[in-house]
Amino acid sequence: MATKVLDSWALMAFFRDEPAAEMMEHLLEQATADHHKLLLCVINWGELYCSILRAEGQAVTEQKIRDIAALPIEIVPVESDLILVRQAAQIKAAHKMSCADSFAAALAKIRKAELVTGDPEFKLVEDEIKIGWLK
């Protein structure tokens, strides 16, 4: 079973029913059928929460968070995982990326997983991790 890491861009595209939503729906269906595992770093979960809260308010945010909890996505904690934090810091130091994006890239690198996104910022790390580009 292949492992894939999601960033907040991928889930926002799904929730906003953007063109990439169809590809995300397919990934979610495959994860439900155990064809692959989907991971989301808790830092990216927080970025998603913040984005929805700013755009749509508390009630919609809480509903979307419940929706995410029902999806076949494992939320990966940071807590005391200094390996993940160190890798994210190294990526952020080497590239002009947001902090949250550096955590998504670090998680993909550590887990030897494909990062699923449509965010062009990840072009900076294409030579370091495999990117599954959503369109």
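The values are calculated or read from the model by the stated rules, or taken from the named source; none is laboratory data. Quantities reported herein were computed from a predicted structural model and do not represent experimental measurements. Because the Cβ atoms are built from the backbone with ideal geometry, glycine has one as well, and the counts that use them run over all protein chains shown.
Quick notes
- Residue pairs meeting the criteria (Cβ under 8 Å; at least 6 apart or on separate chains; first free of Cβ contacts under 8 Å to residues at least 12 places away in the same chain, in the stretch 25-45; second crowded, with 21+ Cβ neighbours inside 10 Å): Glu25/Phe14
- Residue match in the stretch 18-37 (condition: surrounded by fewer than 18 Cβ atoms within 10 Å (Cβ to Cβ) and touching a Ser or Thr at 6+ places or on another chain (Cβ under 6 Å)): yes
- Number of positions in the stretch 50-76 that are surrounded by 13 or more Cβ atoms within 10 Å (Cβ to Cβ) and more than 23 Å from Gly118 (Cα to Cα): 2
- Matching residues, the stretch 107-121, being within 20 Å of Thr3 (Cβ to Cβ) and out of contact with any strand residue (DSSP E or B) (no Cβ under 8 Å at 6 or more places or on another chain): Lys109, Ile110, Asp119
- Within the stretch 38-49, considering residues that are out of contact with any Phe, Trp or Tyr (no Cβ under 9 Å at 6 or more places or on another chain) and under 17 Å from Asp81 (Cβ atoms), the one surrounded by the fewest Cβ atoms within 10 Å (Cβ to Cβ): Gly46
- Count of the stretch 10-65 residues, restricted to those that are touching a Gly at 6+ places or on another chain (Cβ under 7 Å) and in a loop (DSSP other than H, G, I, E, B), is 1.
- Under the condition of being buried (at least 16 other Cβ atoms within 10 Å of the Cβ), more than 20 Å from Gly46 (Cα to Cα) and in contact (Cβ under 8 Å) with a residue 40 or more places away in the chain, the residues counted in the stretch 77-127 number 3.
- Filtered residues of the stretch 1-16 (kept if modelled with pLDDT under 95 and either at positive phi or in contact with a strand residue (DSSP E or B) (Cβ under 7 Å, 6 or more places away or on another chain) (or both)): Met1, Ala2
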